[in-house]
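Working notes, beginning with the structure itself.
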Amino acid sequence: MTTISARVLVWIDERMGLLAICDAVFDRKVHKVNWWYTLGSATLFVSIMQAATGIFLSIYYVPKPVDAYNSIEYIMNEVAFGWLVRGMHHWGATLMVILVFLQMLRVFFYAAYKFPREVTWMTGVLLLLVTMGLGFTGYLLPWNQRSYWATAVGSSIVATIPLIGEFFMRVMRGGGDLTFLTLSRFYGVHIWILPAALFSLIGVHLYLVVRNGISWV
């Protein structure tokens, strides 16, 4: 059985080069670092956890104003371990924002954004923006008083941008006020557009980290 497995592995590797990729990613020399360098890996772990718990929540969540809050209550009180999964997703969102922000501070103070890692830094900035977007769009989904008015205030801030602010606010809300279109739009962006952007950027970011290495002091 072992021989057959080895032959299958060799056959696959000859055609896909997976072992070379694994060696480049996992079998590379890393200089002695401290715990600050684990922030990136911790953020990646939390983002995967957010995706997994989000998929579970999307099975039960109903993105309609008349049903959104009740579906959250159903998840919390009726679904087995639903309270745990929703709690992990809720607090994981906060933790992810904190971790990404701390990682950006670490890179800045260690001057790890300099040559040849400028593009790595730029993808990190985009990851921070996408993470904040995920937090903002997800905050409305419970459709309670707190999330409703927080989103109303947040989207109103966008309207203060000169010339284009009012237009972007209406695009964000799907009109002048927060309605079922706002909830539907935020839900679609939260579970489709921003996660696709997030994991695409993570792929590029990890490639650049592997290619250019990490900066150390």
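Filtering the range 78-88 to residues that are within 14 Å of Pro142 (Cα to Cα) and either open to solvent by 40 Å² or more (accessible area, probe 1.4 Å) or assigned to a loop (DSSP other than H, G, I, E, B) (or both) leaves Trp83, Arg86. Note on the range 108-217: enclosed helices (runs of 4 or more DSSP H) holding 1 or more residues that are more than 21 Å from Ile98 (Cα to Cα), open to solvent by less than 80 Å² (accessible area, probe 1.4 Å) and polar (S, T, N, Q) are 145-158, 180-188, 194-212.
Could you please give the count of residues in the range 121-150 that are farther than 16 Å from Leu198 by Cβ and among the β-branched types (Val, Ile, Thr)?
Qualifying residue count, the range 121-150: 0.
So is Thr53 part of a loop (DSSP other than H, G, I, E, B) and among the polar types (S, T, N, Q) or not? The answer is no for Thr53.
The C-beta contact set for the range 176-192 (first residue over 13 Å from Trp143 (Cβ atoms), second residue open to solvent by 60 Å² or more (accessible area, probe 1.4 Å) and assigned to a helix (DSSP H, G or I), distance under 8 angstrom, 6+ apart or interchain) comprises Gly176/Arg170. Within the range 56-77, identify whether any single residue is aliphatic (A, V, I, L, M), at pLDDT below 95 and either open to solvent by less than 40 Å² (accessible area, probe 1.4 Å) or under 18 Å from His205 (Cβ atoms) (or both), and answer yes or no. No: the range 56-77 contains no residue that is aliphatic (A, V, I, L, M), at pLDDT below 95 and either open to solvent by less than 40 Å² (accessible area, probe 1.4 Å) or under 18 Å from His205 (Cβ atoms) (or both).
If only residues of the range 1-44 that are more than 30 Å from Val97 (Cα to Cα) and touching a helix residue (DSSP H, G or I) at 6+ places or on another chain (Cβ under 6 Å) are counted, the one that is modelled with the lowest pLDDT is Leu19. If I filter the range 15-22 for residues that are assigned to a loop (DSSP other than H, G, I, E, B) and more than 17 Å from Ser215 (Cα to Cα), do I get at least one hit? Among the residues of the range 15-22, at least one is assigned to a loop (DSSP other than H, G, I, E, B) and more than 17 Å from Ser215 (Cα to Cα), which makes the answer yes. Val158 fulfils the conditions (1) touching a residue at least 12 places away in the same chain (Cβ under 8 Å); (2) under 19 Å from Thr94 (Cβ atoms); (3) of a type outside the set (S, T, N, Q) except for a single criterion, (2). The residue list Met96, Met49, Met76 contains one member that is within 23 Å of Tyr148 (Cα to Cα) and in contact (Cβ under 8 Å) with a residue 40 or more places away in the chain, which is Met96.
Residue count for the range 80-109, restricted to those that are over 18 Å from Leu128 (Cα atoms) and either over 19 Å from the mean Cα position of the chain (by Cα) or among the polar types (S, T, N, Q) (or both): 5.
How many of the residues in the range 171-217 are touching a His at 6+ places or on another chain (Cβ under 9 Å) and either farther than 24 Å from Met122 by Cβ or of a type in the set (A, V, I, L, M, F, W, C) (or both)?
Of the residues in the range 171-217, 2 are touching a His at 6+ places or on another chain (Cβ under 9 Å) and either farther than 24 Å from Met122 by Cβ or of a type in the set (A, V, I, L, M, F, W, C) (or both).
Given the criteria in contact (Cβ under 8 Å) with a residue 40 or more places away in the chain, open to solvent by 90 Å² or more (accessible area, probe 1.4 Å) and either assigned to a helix (DSSP H, G or I) or among the polar types (S, T, N, Q) (or both), does Trp11 qualify? Criteria not met by Trp11. In the range 22-35, is there at least one residue being over 31 Å from the mean Cα position of the chain (by Cα) and open to solvent by 80 Å² or more (accessible area, probe 1.4 Å)? Checked against the condition, which is being over 31 Å from the mean Cα position of the chain (by Cα) and open to solvent by 80 Å² or more (accessible area, probe 1.4 Å), the range 22-35 yields no hits at all.
The values are calculated or read from the model by the stated rules, or taken from the named source; none is laboratory data. Bear in mind that the values here come from a model prediction, so they are computed numbers and not experimental data. Note that each Cβ is placed from the backbone with ideal geometry, even for glycine, and that neighbours are counted across all protein chains shown. With ligands, DNA and RNA removed, areas are computed over all heavy atoms of the protein, side chains included. Shrake-Rupley method; radii C 1.70, N 1.55, O 1.52, S 1.80 Å.
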